[in-house]
Amino acid sequence: MDTKRLQTLIALWFDEDIRDGDHTSLSCIPPTQMGCQQLIIKGEGIIAGIEVAKEIIRYFDPECKVEQFLHDGDAVKPGDIAFKVYGKELSLLQIERTMLNIMQRMSGIATTTHAYQSLITDTDCHVLDTRKTTPGLRYLEKEAVKIGGGMNHRIGLFDMILLKDNHVDFSGGITAALTRARDYIKEKGKDLRIEIETRNEDEIREALATDIPDRIMLDNFTPERTKGAVAIIREWEKTHRKMEIESSGGITKDTLHDYAVTGVDFVSVGALTHSVKSLDMSFKAVK
């Protein structure tokens, strides 16, 4: 976990929520009064964000003590207790909503990812996330995908070259886009992998002919067309090298397995992060 990056985020979260003070709590809770609250799970799923929660607590009030019972990636059910926190009641009340918001969101993503990956355990295919994330929360949302058993694609525009349809069209075609990308990496001394999005079999063959990409994305192919595309690429591998294959575009739970059994290495699913339901939980006082 990138603690420095996380602390920057936490500072923004508390500034958003507290500003010049939690006047509700300050008006009725004595500043030295001590107490305990516990995090209670209210739904079934995969819990994520416990380590982030501990950092939130540590950042806001280092004197708070955490008694932990569950860990990131554990399967949970209603009534489970993830942890208890002991400290000033004022601190517990001010930490509560920020911590819950992050944990519920991360746990929802981990739960969704686990559900998708569980559908293709009979294959060697892996579910990938995308850049369809909440601005400012990508780092944590992608961490939640990993906790749920999925894999991260790229983190952002900086850690991989992904030539999509617009890049290809603006560059003048598959070969031109790939050649420019390869030359750019050499010129800048970058260690970046190259992936290219293809829309049909002719673009696949053209990409393979350059011997440049590390991965070929099959965009909006049907499962049947995907089988044919995989056959083309695997035949090319016999006289060249391994080529990673990714399916992308409108893939749902209902169609995921159909794509995974075609022999692709990865299936990317934007729904892992852009349309998940948070896992319900609460942070309640222990009397």
Mind checking which residues of region 149-186 are within 9 Å of the chain's Cα centre (by Cα) and open to solvent by less than 50 Å² (accessible area, probe 1.4 Å)?
-> 150, 152, 153
Counting only residues in region 85-133 that are under 15 Å from residue 151 (Cα atoms) and of a type in the set (D, E, K, R), the one least open to solvent (accessible area, probe 1.4 Å) is identified as 129
Any idea which of 29, 46 is open to solvent by less than 30 Å² (accessible area, probe 1.4 Å), in contact with a helix residue (DSSP H, G or I) (Cβ under 9 Å, 6 or more places away or on another chain) and either at pLDDT 95 or above or over 19 Å from residue 277 (Cβ atoms) (or both)?
-> 46
Within region 236-287, restricting attention to residues that are charged (D, E, K, R) and more than 13 Å from residue 216 (Cβ to Cβ), which residue is modelled with the lowest pLDDT?
-> 287
For residues that are touching a strand residue (DSSP E or B) at 6+ places or on another chain (Cβ under 9 Å) and surrounded by fewer than 18 Cβ atoms within 10 Å (Cβ to Cβ), tally how many sit in region 220-231.
-> 3
Filter result (open to solvent by 30 Å² or more (accessible area, probe 1.4 Å) and within 15 Å of residue 270 (Cβ to Cβ)) within region 138-148 | 138
Hits in region 193-205 - residues which are over 20 Å from residue 231 (Cβ atoms) and open to solvent by 40 Å² or more (accessible area, probe 1.4 Å) = 193
Can you spot a residue in region 58-69 that is at pLDDT 95 or above, among the hydrophobic types (A, V, I, L, M, F, W, C), open to solvent by less than 50 Å² (accessible area, probe 1.4 Å) and assigned to a helix (DSSP H, G or I)?
-> no
With the first residue restricted to region 53-78 and required to be under 14 Å from residue 39 (Cα atoms), and the second required to be open to solvent by 80 Å² or more (accessible area, probe 1.4 Å) and in a loop (DSSP other than H, G, I, E, B), Cβ contacts under 9 Å at 6 or more apart or on different chains are 76/44; 77/44; 78/42; 78/44
For residue 248: the one exception among (1) closer than 27 Å to residue 140 by Cβ; (2) open to solvent by 30 Å² or more (accessible area, probe 1.4 Å); (3) of a type in the set (Ser, Thr, Tyr) | (2)
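The values are calculated or read from the model by the stated rules, or taken from the named source; none is laboratory data. All values reported here derive from a predicted model rather than from experimental measurement. Here the Cβ is made from the backbone with ideal geometry for all residues, glycine too, and neighbour counts use every protein chain on show. The accessibility values were calculated without ligands, DNA or RNA, using every heavy atom of the protein model including side chains. Shrake-Rupley method; radii C 1.70, N 1.55, O 1.52, S 1.80 Å.
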